[in-house]
Amino acid sequence: MSAPRLTLDQIGYRYGDLPVLENISMAVQPGEFVSILGPSGSGKSTLFRLLTCAITTDIGAIAFDGKPLAEAGRPFAFMPQRDALMPWRKIIDNTTLGLEVQGMRRAVARERVAPLFAEFGLAGFEQNYPAELSGGMRQRAALLRTVVQDKPMLLLDEPFGALDALTRAGMQRWLEGMWAQHRWTAMLVTHDVREAVHLSDRIYLLSPRPAKVIREIEIDLPRPRGRDAATQVRAAAIEADILETLLKPDPDHSGSSPTRSFAAE
Amino acid sequence: MSFSQSQSGRIAVQMISHIRHALPAVLAVGSLVLIWEAYAHFSGVSPTTLPAPSRVLAQAYEYRQALLDNAIPTLRATLTGFALSLIAAFLLSIIVDFVPRLKRALFPVLIISQTLPLVAIAPLIVLWFGFGLLPKILLVALVTFFPMLVALSKGYEATEPELEQLLASMGAPRWKLFWLARLPSSLPFFFAGLRISITYAVVGAIFAEYAGAAKGLGIYMLNAKNNFRPDLVLAAVLVSAALTLCLFAAAVLAERLAMPWTRRTSTGGPIR
Ligand SMILES: Nc1ncnc2c1ncn2[C@@H]1O[C@H](COP(=O)(O)OP(=O)(O)O)[C@@H](O)[C@H]1O
Ligand SMILES: [Mg+2]
């Protein structure tokens, strides 16, 4: 195995008196798609807040390409939980946001992004405002805004959490195809078991808050996934296994309800 | 942007729905005016106490030159005062957004300034600053500055936290965050404040003139009242109402021009 790009070593974090992350250790290899799967409110977004330096912690260490995160020069392109498109910017100008922040002139940034619109299923919508697009298209625009930043690694926080089931399934299939072509190094946060199994090379399962890694699962299903019956059966078995782990009563939390909500926030 | 047939059709439908929307208000105002007219004619009340609306209109037409001569200084005071107030509120809102501690120090003082009764303040300001343009500008600024400052500050704070986190993750410094996210986020709040403040601004200017001026709708109303001409007072009120409505409409128009994304919201096809 090559040297990992991202390593988290025994990370801990608390909001005041509220412990949110405990002893989290993870690693992501180059070109690997890793998912973090856990119940709502367990601390997944908090983990991304640490990675994007919105918050910092003294407990544990985060390294990117062997360097401490603070010296790694913002290696992540981040896609927040809601699409966070700016309603006042046309789609084309939303997708160039990261490049503009980096100091690129708007016209140059537009030229750079425009050829990608077809691939992202957004051709012809460059001059529309976000409110004029469907949910799926908005998510694709947000993802385009993320990948054009050309950062070493993507952080996707529940990118499809707000979509209806059918649109979501379509988007998962589309994202898998995109990933197969581009081989981004990516970390996906989700509470959708199917999504995690469908997209990931590896999954970290988190416990309810305070989040600990309760299991690490390698998904060695052939890609593209979910197209043939044999893979579907194996995927379903993995999904059932994961659900079993996540729903089983936690010995650390005896007395709490054995079933936990996986509903969207 | 193509102006297709479907688009013009949609605008026609919108206009009809606007008219339908306004109909009850128009009917209500219309019947009130009719009742007033009938009362003035048949109750035997003297026109120097309650003139009929028709008389007010006739006198407004008769004295149109005087009314116009007095409306222009009022408009000038309103616009100058409001423009200065806007600039000051905008600059201070930025400073306060970057130095929150300043905000906590300043806002209580500004709230107190809003509790001062206009009736008491207007004569004092005229006493201190004379009959010229300056006291009017000051009074207009006094009634509009704080509402605009609050609207802008609230608008900055309404920025989506996800958006701020996104920009921070891109490495945007604080001023870029302000320019790219906080300022545009404040636009709806700014324009809501603008629409209200512009009507206060006219009231402020008229109050200042009422307390002492060479020309203006305020002093015109005062003189008409002292000459037992309630019809001319009401004619001046009519002019000031028309003035206010025009300014309000200008604010709405500015809002539409500044925020084009709020107009096209239906999930339509691509725009070529
Ligand atoms: N700024 C904050 N201050 C205090 N508590 C917070 C804050 N942000 C999140 N939390 C709490 O931390 C926990 C984890 O939040 P989050 O990381 O957003 O969860 P997830 O993304 O897994 O749903 C939640 O219980 C939430 O209430
Ligand atoms: Mg979250």
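Per residue of B:170-177, what is the mean number of Cβ atoms on other protein chains within 10 angstrom of that residue's Cβ? List each step's numbers first, then the result.
Numbers: counts 15, 9, 5, 1, 0, 0, 3, 1.
Mean shielding count: 4.
Quickly work out the A:Leu243-to-A:Ala107 label distance, labels modelled 7 Å from Cα along the C-beta direction, and quote it in nm with one decimal.
Spacing of the two 7 Å Cα→Cβ label points: 5.6 nm.
If you rank A:Val148, B:Val150 by how much accessible surface each has, with a 1.4 Å probe, what is the order from largest down?
My answer, sorted largest first, is B:Val150, A:Val148.
How long, wide and thick is segment A:197-244, going by the Cα atoms along their three principal axes, in whole angstroms, largest first?
38, 18, 11
Only protein chains counted, 1.4 angstrom probe. Which residues of segment B:144-161 are at least 50 Å² less accessible in the assembly than when their chain is isolated?
Flagged in segment B:144-161: nothing.
Heavy-atom accessible area of B:Tyr210 with all protein chains present, probe 1.4 Å, nearest 10 Å²?
Its accessible surface works out to 90 Å², give or take rounding.
If I model a spin label at B:Glu157 and B:Leu110 as a point 7 Å from the Cα along the Cα→Cβ vector, what separation in nanometres do I get?
1.1 nm
Heavy-atom accessible area per residue, chain A, 1.4 Å probe: how many Å²?
43 Å²
Starting from the Cα of B:Leu257, step 7 Å along the direction of its Cβ; do the same at A:Trp174; then give the gap between the two resulting points in nm.
3.7 nm
Divide the volume of the convex hull of the Cα atoms of the protein assembly as shown by its number of residues and quote the answer in cubic angstrom per residue.
228 Å³
Within the set of other residues whose C-beta is less than 12 Å from the C-beta of A:Arg227, count the net charge using Lys and Arg as +1 and Asp and Glu as -1.
Local charge sum for A:Arg227: +1.
What accessible area, summed over both chains, is buried at the A-B interface (1.4 Å probe, Å², nearest 100)?
Roughly 2500 Å².
Using the reciprocal of the averaged 1/r over all distinct C-alpha pairs, how large is the Kirkwood radius of chain B in Å?
It works out to 21.9 Å.
Under 8 Å for C-alpha pairs, at least 6 residues apart: give me the relative contact order for chain A, rounded to a whole percent.
25 percent
What is the percent carbon and sulfur in the accessible area of chain A, measuring with a 1.4 Å probe over the protein chains and ignoring ligands?
That share works out to 52 percent.
Indicate the helices, whole DSSP H runs only, in chain B that combine a mean Kyte-Doolittle hydropathy of 1.0 or more with a Cα extent along their long axis of 30 angstrom or more.
B:64-98, B:133-157, B:187-210, B:230-258
Please work out how much accessible surface B:Arg174 shows to a 1.4 Å probe, ignoring ligands, DNA and RNA, in Å² rounded to 10.
Looks like 90 Å² after rounding.
If we sort B:48-61, A:157-170, B:135-148 on the protection proxy, mean other Cβ atoms within 10 Å, highest first, what's the order?
Descending mean neighbour count gives B:135-148, A:157-170, B:48-61.
Could you work out the mean count of beta carbons from other protein chains within 10 Å of each residue's beta carbon in A:128-140?
Details: counts 7, 7, 1, 7, 9, 2, 1, 1, 0, 1, 0, 0, 0.
Mean partner-chain Cβ count within 10 Å for A:128-140: 3.
With the contact rule set at Cα under 8 Å and sequence spacing of 6 or more, what percent relative contact order holds for segment B:118-272? Write down the numbers at each step before the final one.
Working: 143 pairs, mean separation 39.3, N = 155.
About 25 percent, as a whole number.
What does the helix-only formula give at 222 nm for chain B: each DSSP H stretch with n ≥ 4 adding -39500 (n - 2.57), the total divided by the residues, and the result rounded to the nearest 500 deg cm²/dmol?
-26500 deg cm²/dmol
Between B:Arg76 and A:His182, how high is the FRET efficiency from 1/(1 + (r/R0)^6) when r is the Cβ-Cβ distance and R₀ = 51 Å? Nearest 0.05.
Working: r = 62 Å, r/R0 = 1.22.
FRET efficiency, B:Arg76 to A:His182: 0.25.
For chain A, with a Gaussian network of springs between Cα atoms less than 10 Å apart, report the residue from A:Trp88, A:Trp174, A:Trp184 with the top mean-square fluctuation.
A:Trp88
Tell me the relative contact order for segment B:1-144 as a rounded percent, counting alpha carbon contacts under 8 Å between residues six or more apart.
Details: 49 pairs, mean separation 35.4, N = 144.
Relative contact order here is 25 percent.
Please turn the phi angles of segment A:226-232 into ³J(HN,Hα) values with the Karplus equation 6.51 cos²θ - 1.76 cosθ + 1.60 (θ = phi - 60°), one per residue in order, whole Hz, x for glycine and proline.
Per residue, the Karplus-derived 3J(HN,Hα) values read x, 9, 10, 4, 4, 5, 4 Hz.
At 1.4 Å probe radius, can you tell me the per residue accessible area of segment B:48-262 in Å²?
Accessible area per residue: 49 Å².
Highest GNM mean-square fluctuation, chain A, Cα pairs closer than 10 Å: which of A:Ile214, A:Ile92, A:Ile24?
Between A:Ile214, A:Ile92, A:Ile24, it is A:Ile214 that shows the largest mean-square fluctuation.
Just give me a number: lysine pairs in the protein assembly as shown, eight or more positions apart or cross-chain, with C-alpha atoms less than 19 Å apart.
8
The values are calculated or read from the model by the stated rules, or taken from the named source; none is laboratory data. Keep in mind that what you see is a predicted model, and the values were worked out from it rather than measured. Neighbour counts are summed over all protein chains in view; Cβ atoms, including those assigned to glycine, are modelled from backbone coordinates with ideal geometry. Note: areas computed on protein heavy atoms with side chains; ligands, DNA, RNA excluded. Shrake-Rupley method; radii C 1.70, N 1.55, O 1.52, S 1.80 Å.
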